[in-house]
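Contents: one structure, followed by commentary.
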């Protein structure tokens with residue numbers, strides 16, 4: 001393992017309460033059926049979710065509105081166990097040099113860059129030097145492109161990368177990229193994570209098991 005590519009929401013940052021407030025409010029404003037928390041799709045860009053839930057609406061315009069609301073509502077956004085340790089490595093100025101025996105680290109998220117930065121900062125975490133966001137690839141999770149771009153920017157072969165994920169779409173993306181995938185229990189559990197190579201409670205548990213410095 002030469003590199004760790006980590007998802008953001010549900011893996012490094014718990015933003016679920018804010019996400020549900022924004023999306024359920026948007027559904028009510030658009031006279032759409034309000035999805036219960038357990039049925040809300042995670043790990044997929046807002047535009048894709050809008051296109052599925054409300055194909056009669058302008059997906060781009062609605063995604064922009066949702067992003068505005070999500071950036072404005074950061075109440076309760078917090079770092080998950082292990083996030084600070086991992087992002088201190090990811091925030092190193094020289095992303096091409098591992099820190100004291102650590103693998104290289106990048107963050108790969110389905111958020112846009114403004115939203116990802118807002119949540120990282122709200123959680124009090126360092127900003128990663130390599131940050132792959134939804135607008136940077138033509139195809140998004142569950143396609144492998146975001147993870148392949150992350151590996152390319154770190155200068156590491158995909159086969160030498162490990163993915164940390166919490167959602168089925170991200171697990172599928174990591175596996176399609178030819179990477180080992182470790183799932184964390186946050187937004188999903190049980191059968192939803194069955195396609196991962198390994199399941200752990202959180203990133204902190206993964207780091208302990210990986211025996212890193």
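All of the numbers you see were taken from the coordinates with simple rules; none came from a lab. Since this is a predicted model, take the numbers as computed values, not measurements. We place every Cβ from the backbone using ideal geometry, glycine too, and count neighbours over all the protein chains shown.
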Is at least one residue of the range 64-83 touching a strand residue (DSSP E or B) at 6+ places or on another chain (Cβ under 7 Å) and assigned to a helix (DSSP H, G or I)? yes
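Conditions (1) under 12 Å from the mean Cα position of the chain (by Cα); (2) surrounded by 22 or more Cβ atoms within 10 Å (Cβ to Cβ); (3) outside any loop (DSSP other than H, G, I, E, B); (4) touching a residue at least 24 places away in the same chain (Cβ under 8 Å), marked per residue:
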site: 127; (1), (2), (3), (4): no, no, no, yes
site: 135; (1), (2), (3), (4): no, no, yes, no
site: 147; (1), (2), (3), (4): yes, yes, yes, yes
site: 174; (1), (2), (3), (4): yes, yes, yes, yes
In the range 158-172, the residues that are touching a residue at least 24 places away in the same chain (Cβ under 8 Å), outside any strand (DSSP E or B) and surrounded by fewer than 22 Cβ atoms within 10 Å (Cβ to Cβ): 160, 169, 172
May I ask you to list the residues in the range 179-213 that are under 15 Å from residue 141 (Cβ atoms) and in a loop (DSSP other than H, G, I, E, B)? 179, 187, 188, 195, 196
Yes or no: the range 48-61 includes at least one residue that is farther than 17 Å from residue 120 by Cα, surrounded by fewer than 19 Cβ atoms within 10 Å (Cβ to Cβ) and in contact (Cβ under 8 Å) with a residue 60 or more places away in the chain. yes
